[in-house]
Amino acid sequence: MSNTVIVDDRQIKHALSELNKKDRLKAEISALRSSANILRRETIRQFAEKANLKEGYKRNLFDLRKGEIVTKSAKIATVVVDKREPSAKVHILGDFRAKFFEMGTNKRYTKGHRLTGKYYRLKPGGRKYRERTGKGGYRGYIRPVHPFRTAQQLTERKIFDNMNKRINSAIQRVWRKYR
């Protein structure tokens, strides 16, 4: 399977040339955002299916402007569109747990449960000596299930095959707004 996408975009280029710079940028950004949202929705579906991780759980955050704790819902996948140079990015770093299911973890162990030891100074201003007693515990590991990679593979063809339709519909929206 080649990574080449052949697109006949003469009509789109003609339509874009008739728009001014600001409207052309609006149409491009709109098409990119709609394409990126397809990947975002598939990513959310794959995380719910493979990792049993649903979007929208509540978490408490400290809001610096208000000076209080506010409750916000976490988003697994986020779309970021750069308006200066039309580009879109979908990332899973909105929810800190998502990266563990995407990449997996190493085997995890705890140290001993109780801190004991003698307290003495190694030298003036030095450290105090403490040690842990008891047996550490094995806490397992997370196998990588790659829901984001799977979502990319499933939606890649769909996004690139229908890009002309999305750009055309974005251009039509801009034209209808001003005419």
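Every number here is computed from the coordinates shown, using simple stated rules; none is lab data. Please read these numbers as outputs of a predicted model, since none were measured by experiment. With ideal geometry, Cβ positions are generated from the backbone for all residues, glycine too; neighbour counts draw on all protein chains shown.
General observations
- So Asn164, is it over 28 Å from Ala98 (Cα atoms), assigned to a helix (DSSP H, G or I) and touching an Asp or Glu at 6+ places or on another chain (Cβ under 7 Å): yes
- Near pairs, Cβ below 8 angstrom, 6+ apart or cross-chain, from region 66-81 (in contact (Cβ under 8 Å) with a residue 12 or more places away in the chain and of a type in the set (Ser, Thr, Tyr)) to any residue that is in a strand (DSSP E or B) and exposed (fewer than 10 other Cβ atoms within 10 Å of the Cβ): Thr71/Lys58; Thr71/Asn60; Ser73/Lys58
- Here Phe96 fulfils each of the conditions (1) loosely packed, with under 15 Cβ neighbours inside 10 Å; (2) in contact (Cβ under 8 Å) with a residue 40 or more places away in the chain apart from (2).
- Residue pairs meeting the criteria (Cβ under 9 Å; at least 6 apart or on separate chains; first free of Cβ contacts under 8 Å to residues at least 60 places away in the same chain and over 14 Å from Lys165 (Cβ atoms), in region 28-41; second surrounded by fewer than 17 Cβ atoms within 10 Å (Cβ to Cβ) and hydroxyl-bearing (Ser, Thr, Tyr)): Arg40/Thr78
- Residue within region 28-51 that is touching a helix residue (DSSP H, G or I) at 6+ places or on another chain (Cβ under 6 Å) and not in a helix (DSSP H, G or I) present: yes
- One residue stands out in region 141-179 among those that are more than 20 Å from the chain's Cα centre (by Cα) and among the polar types (S, T, N, Q): the one that is surrounded by the fewest Cβ atoms within 10 Å (Cβ to Cβ), namely Gln172.
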